[in-house]
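Single-structure report; data block below.
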Amino acid sequence: MSDADPRGSIKLPIDFFFREVHPDHKVAHPTPPPAPLGPLAAFVGQWMGNGFNTIFRPDNSVTPTPLPNPVPPPVPPATRDNILELNLTAEQLAFSKSLGSVPNRGTTPQGDIFLNGVPYLQTINDITVHGEKIGIHFEPGMWIHVPSTNVPPITQETVARMASIPHGTTIDAQGIIATVPGPPIIAAVDITPFTTAPPHNKITFASQTAGNPNTPRIPQDLSSFIAAGTITQALLDDPNSLLRSHISKQKIINTIALIISTAPPPPPPLFGGGADNIAFLLGQPAATAPNAQTTQMTAIFWIETVEEVILVPPFTVGSPPFAIKAKPSIPGQRVPTFSVTPPFDLDVPREITVHFTQIQYTQTVLLNFAGLTWPHVSVNTLVPADDIIVPPSVWG
């Protein structure tokens, strides 16, 4: 990657390898093999994708958000305390090399374990207005792989994601690994807010109606997006529908799901983790009147193996390689590019079968303010940013 490359990156020093310090400091010891990464081994290099983000955020009378269309005043005693922001997004996700072997010391009867991790940097731009990019998310973090343990009694390998965002929130989300043949089953997700206090009744807002241009929403008028099929009522009702559209015409032969949460649901074995906020977000020490408190984050990352058939044009040995893109399922979807160099002359076009790794995710962050809990949902489908070198083996 050149200095002029606009992509974000994260790098560890080439000679850095996490390992335990030996008691005998006078003797040089060979570098041990790294601890297992499990499914995190797929998190390598640079990824890109176009996705969708929804967030209800506070709106107040001190610094109100200006809107081009008039919004009918709420019925007293209600006040206008929120605005729904919708973002078509362009995302870059960069992973460094893995850390090595991170020693975590056990206390009897638990022995020491060794973790391995993959640091990452996530940057997301709003591209809702054609030709304009606005940074809306920056997240340095790390995924770690945790082996099974006796204390706590977790009999399977798990993963955790630790991250920070510049709004003043850090998260530690843990989860399990599930592998299934074929494509993932992607359930619906609902952005409708609900009362923070039990019984957690849902409250639907006018801004959730795509055809209404006079609501506290950004963008207010969605008519052009509805016509283009980029922001529709179906997408507002279920942002995960974009993920299903992205894979609607793909042949996915295997899926590994990483299911994580800052508050793993009962029953055990998983517990711990959490989300933490700076004072401004909490508003009050006991968060009785938060400005925008992050209380929980849940996410599913699907690591998918996709099979693609590409058509290679006629070729003469010694010519430059072909750059052939995969086929998108829907317009605007980012797809990988294959670098193809046939090992022999091709007099006529020839189809070959190739495979690539794809990452899909859905993430829901729960924000508390104004007496309600507001789901903040982000989704995307990510593919390798660099050309995928087609190996000679595909030619038989």
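The values are calculated or read from the model by the stated rules, or taken from the named source; none is laboratory data. Treat the numbers as computed from the prediction; the structure is a model and nothing was measured. Here the Cβ is made from the backbone with ideal geometry for all residues, glycine too, and neighbour counts use every protein chain on show. Quick note on the areas: whole protein, heavy atoms, side chains included, nothing else; ligands and nucleic acids left out. Shrake-Rupley method; radii C 1.70, N 1.55, O 1.52, S 1.80 Å.
Here is how the numbers come out for the structure above:
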read-out: Backbone N under 12 Å from the ALA178 label point (7 Å along Cα→Cβ), restricted to segment 145-169; value: none
read-out: Rough spin-label spacing in nm, given labels placed 7 Å along Cα→Cβ, for LYS133 and ILE226; value: 3.1
read-out: The chain, helix-only ellipticity at 222 nm - DSSP H runs n ≥ 4, -39,500 (n - 2.57), divided by all residues, nearest 500; value: -1000 deg cm²/dmol
read-out: Given charges at beta-carbon only (K, R positive; D, E negative), |dipole| of segment 265-396 in Debye; value: 360
read-out: Cubic angstrom per residue, convex hull over Cα atoms of the chain; value: 205
read-out: Distance histogram in 5 Å bins (all Cα pairs of segment 40-137, percent per bin); value: 3, 9, 12, 13, 11, 10, 9, 8, 8, 7, 5, 3, 1, 0
read-out: Distance-filtered residues of segment 122-148 - backbone nitrogen under 11 Å, label point 7 angstrom along SER9 Cα→Cβ; value: none
read-out: Fully extended contour minus Cα-Cα distance, from ARG80 to ASN212, at 0.36 nm per residue; value: 45.9 nm
read-out: Spin-label zone in segment 177-199 - amide nitrogen under 17 Å from a point set 7 Å from the Cα of GLN284 along the C-beta vector; value: 196-198
read-out: Selection from PHE56, VAL21, VAL102 lying farthest towards where the dipole of segment 1-115 points positive, charges on Cβ; value: VAL21
read-out: Bridge type composition, the chain - antiparallel percent by DSSP, nearest 5; value: 95
read-out: Segment 60-106-segment 1-46 distance, computed between alpha-carbon centres (Å); value: 33
read-out: Å² per residue, accessible surface of the chain at 1.4 Å; value: 51
read-out: Rounded if a/c under 1.5, otherwise prolate or oblate - segment 198-284, Cα gyration tensor axes; value: oblate
read-out: Accessible surface of segment 138-235 [probe 1.4 Å, protein heavy atoms]: carbon and sulfur percent; value: 65
